[in-house]
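A.B. asks: Here you go, one structure.
The values are calculated or read from the model by the stated rules, or taken from the named source; none is laboratory data. As the structure is a computational prediction, the values presented were derived from the model and not from experiment. Ideal geometry is used to build each Cβ from the backbone, glycine not excepted, and the neighbour counts take in all protein chains shown. Calculation scope for accessible area: heavy atoms of the full protein, side chains included, ligands and nucleic acids excluded. Shrake-Rupley method; radii C 1.70, N 1.55, O 1.52, S 1.80 Å.
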Amino acid sequence: MKKNIKEIRRLRKKLAKVQQRKLRKFTPIKQKVSKLDKILSNSLFDVEHALSLYATSFFYLPANLIYDKEILKEYEEISKKCHIYIIGYLPKTKLLNARQIDNTAVLEYEIDSQTHNLTLPLPKGCTLESDDMGVYAVNEDGQKFAVPEKAINHFLKEHSKFEVKYIGQAYGKDGSRNALDRLLKHETLQKISLTGVPADKNLQLLLLEVEPNTQLITALNPFAKIKDKNGTRIKAGINKLFNTTEQERISLYEAALIRYFYPQFNKEFKDSFPSTRLKVLQDCYDKDFSMVTAEIIFDDLPFQLYSEVVEPSRSHMAKHDLHNDKQRKAFFYEAD
């Protein structure tokens, strides 16, 4: 009997050790708090707004053509809508050689002192030819086919880079003045020209139409410290959405791009935007907005934009927080 009792106790101790090991094995592990969770829980307000501005159309031309009235007639309709202009350097593009390899056309270009090949399939039954008018494909009946403009633009978009040197605006009373009107007597344009444009570049103009309607981005964060219980912050955003003037949009767009590209020949806004002292931002601060953004995104723009401080890219978004407080950063953060 005593032997059995001892055996039972020994078995109980052994069983208890096994149970303890199991308990230790399944003890909950403390989870790591993600960067997103930290941002959400540390945010000050549950409603934050950003004013989003972007361009809807564009056209570009060599700077010397602004004095050619006949040519400008072609752009009259779109130029009336463009109040933002960018002056810069665009590398010259030169066709060095054109040859046919089987059913493929190979066009060799020199861009910014470098050679690049554009290869295109030839239409069935066509051969590649060229004359003083350029390169084209021709079939057995003598019908000519030009190199597709979309193919050339896509090719240039990969290899041609527009260096931003100055950004400005022209609005006038009720939008009566456009960018071309301003550029005809533009001192900075003349100054850039006189400083000496590099031999392998052209002095180029890019004109932009800013979207005539305001776009509002709103972040809703239920984990923030202060709740918008009476809807004051929501109302402020809606008010700004429907009561931002065209002139204000254009001025904000210009200032945001200048601060972003930091062009060589600009002075205003390069180091002062954003600031509570700027009149153009007063209404955004009055309504306690968190951010202002300005975008340039065009699929058919045949070059990449860049500056001394911004890398070449097909698209650009100038993002500017209106507050230095980390608790007010509600947009465009990277989460783990």
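A.B. asks: Is it true that Lys235 is free of Cβ contacts under 8 Å to residues at least 60 places away in the same chain, farther than 30 Å from Lys81 by Cβ and either among the charged types (D, E, K, R) or surrounded by fewer than 17 Cβ atoms within 10 Å (Cβ to Cβ) (or both)?
C.D. replies: Working: free of Cβ contacts under 8 Å to residues at least 60 places away in the same chain: yes; farther than 30 Å from Lys81 by Cβ: yes; either among the charged types (D, E, K, R) or surrounded by fewer than 17 Cβ atoms within 10 Å (Cβ to Cβ) (or both): yes.
Against the criterion (free of Cβ contacts under 8 Å to residues at least 60 places away in the same chain, farther than 30 Å from Lys81 by Cβ and either among the charged types (D, E, K, R) or surrounded by fewer than 17 Cβ atoms within 10 Å (Cβ to Cβ) (or both)), Lys235 qualifies.
A.B. asks: Still on this structure, please answer the following. Could you please give the count of residues in region 288-336 that are among the polar types (S, T, N, Q), outside any strand (DSSP E or B) and either open to solvent by less than 40 Å² (accessible area, probe 1.4 Å) or in contact (Cβ under 8 Å) with a residue 12 or more places away in the chain (or both)?
C.D. replies: 3
A.B. asks: Here's something else I'd like to know. Being part of a helix (DSSP H, G or I) and open to solvent by less than 50 Å² (accessible area, probe 1.4 Å): is that true of Leu72 here?
C.D. replies: In short, yes.
A.B. asks: At least 3 residues that are in contact with an Asp or Glu (Cβ under 7 Å, 6 or more places away or on another chain) in each: list the strands (runs of 3 or more DSSP E) lying fully within region 75-116 that qualify.
C.D. replies: Because the criterion is at least 3 residues that are in contact with an Asp or Glu (Cβ under 7 Å, 6 or more places away or on another chain), the strands (runs of 3 or more DSSP E) in region 75-116 that meet it are 84-91, 93-101.
A.B. asks: Have a look at Leu107, Leu96, Leu128, Leu118 and point out the one that is open to solvent by less than 40 Å² (accessible area, probe 1.4 Å), over 31 Å from the mean Cα position of the chain (by Cα) and over 30 Å from Leu252 (Cα atoms).
C.D. replies: One residue alone meets the criteria, Leu128.
A.B. asks: Still on this structure, I have one more. Of all residues in region 175-202, which are over 16 Å from Pro62 (Cα atoms) and among the small types (Gly, Ala, Ser)?
C.D. replies: Gly175, Ser176
A.B. asks: Turning to a different aspect of this structure: Among residues belonging to region 276-287 that are part of a helix (DSSP H, G or I) and under 21 Å from Pro263 (Cβ atoms), point out the one that is modelled with the lowest pLDDT.
C.D. replies: Applying the filter and picking the extreme gives Val280.
A.B. asks: Still on this structure, I have one more. Can you pull out the residues in region 131-145 that are basic (Lys, Arg) and either open to solvent by less than 30 Å² (accessible area, probe 1.4 Å) or part of a loop (DSSP other than H, G, I, E, B) (or both)?
C.D. replies: The answer is none; no residue qualifies.
A.B. asks: Checking Glu308 against (1) modelled with pLDDT under 95; (2) within 19 Å of the chain's Cα centre (by Cα): exactly one of these is not met. Which one?
C.D. replies: (1)
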